[in-house]
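Worksheet: one structure, shown below.
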Amino acid sequence: MIRAYRDGDHDDLVALWQLGGLTRPWNDPDRDIDRKVAQDPDHLLVLEADDRLIGSVMVGYEGHRGWINYLVVHPDHRGRGLGRVLVNEAERRLGALGCPKVNLQVRSSNRSAVDFYRRIGYSVDDVVSMGRRLDADQLPPTTGSR
């Protein structure tokens, strides 16, 4: 069952993100959840089975492009099409908002994620992804620039 995040999901969701390798020191998952829930609580989605969180996706739309973040399926449940189910729901919700295109970012070192997205119809855009930190959750110790 896919549903919107609830406050009681917090610890399990952070643990799932950590298990899936999605967290980094410079992106505090607690603050990411708090910011998303404050801004757009209906688009932090979780996948639940047998009263356990086994997947998630964070969906955003700012009027120009839709975004998918924090897509993860618990390792014990991978290979069953659940990642595609979560992406389908994200795309359905974005389409209902009038979104014309979905973007996402994948770490270049995460080949399995790149391969997954390619298998389900995504392609690499000819763009450079740039960022500037407005709120330093915690900066990485070596660069200080993320």
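If you go through the range 17-39, how many residues are out of contact with any helix residue (DSSP H, G or I) (no Cβ under 9 Å at 6 or more places or on another chain) and either in a strand (DSSP E or B) or within 19 Å of Leu86 (Cα to Cα) (or both)?
The number of residues fulfilling the criteria is 3.
Can you work out which of the residues in the range 59-78 that are of a type outside the set (D, E, K, R) and out of contact with any strand residue (DSSP E or B) (no Cβ under 9 Å at 6 or more places or on another chain) is most open to solvent (accessible area, probe 1.4 Å)?
By that ranking, first place goes to His64.
If you check Gly66 against the conditions, is it small (Gly, Ala, Ser), touching a helix residue (DSSP H, G or I) at 6+ places or on another chain (Cβ under 9 Å), closer than 21 Å to Ile120 by Cα and at pLDDT 95 or above? Steps first, answer last, please.
On the way: small (Gly, Ala, Ser): yes; touching a helix residue (DSSP H, G or I) at 6+ places or on another chain (Cβ under 9 Å): yes; closer than 21 Å to Ile120 by Cα: yes; at pLDDT 95 or above: yes.
When the stated conditions are applied, Gly66 passes them.
Residues are listed down the side, and each one gets a yes or a no for (1) open to solvent by 40 Å² or more (accessible area, probe 1.4 Å); (2) out of contact with any Leu (no Cβ under 9 Å at 6 or more places or on another chain); (3) part of a helix (DSSP H, G or I):
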site: Val57; (1), (2), (3): no, no, no
site: Arg80; (1), (2), (3): yes, yes, no
site: Asn88; (1), (2), (3): yes, yes, yes
site: Leu94; (1), (2), (3): no, yes, yes
site: Arg107; (1), (2), (3): yes, yes, no
site: Asp125; (1), (2), (3): yes, yes, no
site: Ser129; (1), (2), (3): yes, yes, no
site: Arg133; (1), (2), (3): yes, no, no
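Consider only pairs whose beta carbons are under 6 Å apart and that are at least six residues apart or on different chains; among these, list those whose first residue lies in the range 62-74 and is more than 14 Å from Gln105 (Cβ to Cβ) and whose second residue is of a type outside the set (Asp, Glu) and in a strand (DSSP E or B).
Val72/Ser56; Val73/Gly55; His74/Ile54
Listed here are the residues, each with its yes/no results for (1) modelled with pLDDT of 95 or more; (2) more than 28 Å from Asp42 (Cβ to Cβ); (3) hydroxyl-bearing (Ser, Thr, Tyr).
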site	(1), (2), (3)
Gly95	yes, no, no
Pro100	yes, no, no
Leu104	yes, no, no
Asn110	no, no, no
Tyr117	yes, no, yes
Gly121	yes, no, no
Arg132	no, no, no
Asp137	no, no, no
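Tell me the residue from Asp42, Asp11 that is more than 17 Å from Phe116 (Cβ to Cβ), assigned to a helix (DSSP H, G or I) and free of Cβ contacts under 8 Å to residues at least 24 places away in the same chain, please.
Asp11
Residues of the range 23-65 being among the basic types (Lys, Arg) and within 20 Å of Val102 (Cβ to Cβ), which ones? If you could, list the steps in order and put the result at the bottom.
Kept after step one, since they are among the basic types (Lys, Arg), are these residues of the range 23-65: 24, 31, 35-36, 52, 65.
Lys36, Arg65 - these are the residues of the range 23-65 that are among the basic types (Lys, Arg) and within 20 Å of Val102 (Cβ to Cβ).
Given the conditions (1) over 15 Å from the mean Cα position of the chain (by Cα); (2) under 18 Å from Arg93 (Cβ atoms), which single one is not true for Pro25?
If we test Pro25 against (1) over 15 Å from the mean Cα position of the chain (by Cα); (2) under 18 Å from Arg93 (Cβ atoms), just (2) comes out false.
The values are calculated or read from the model by the stated rules, or taken from the named source; none is laboratory data. Keep in mind that this is a model prediction, so the values were computed, not measured. Neighbour counts are summed over all protein chains in view; Cβ atoms, including those assigned to glycine, are modelled from backbone coordinates with ideal geometry. Calculation scope for accessible area: heavy atoms of the full protein, side chains included, ligands and nucleic acids excluded. Shrake-Rupley method; radii C 1.70, N 1.55, O 1.52, S 1.80 Å.
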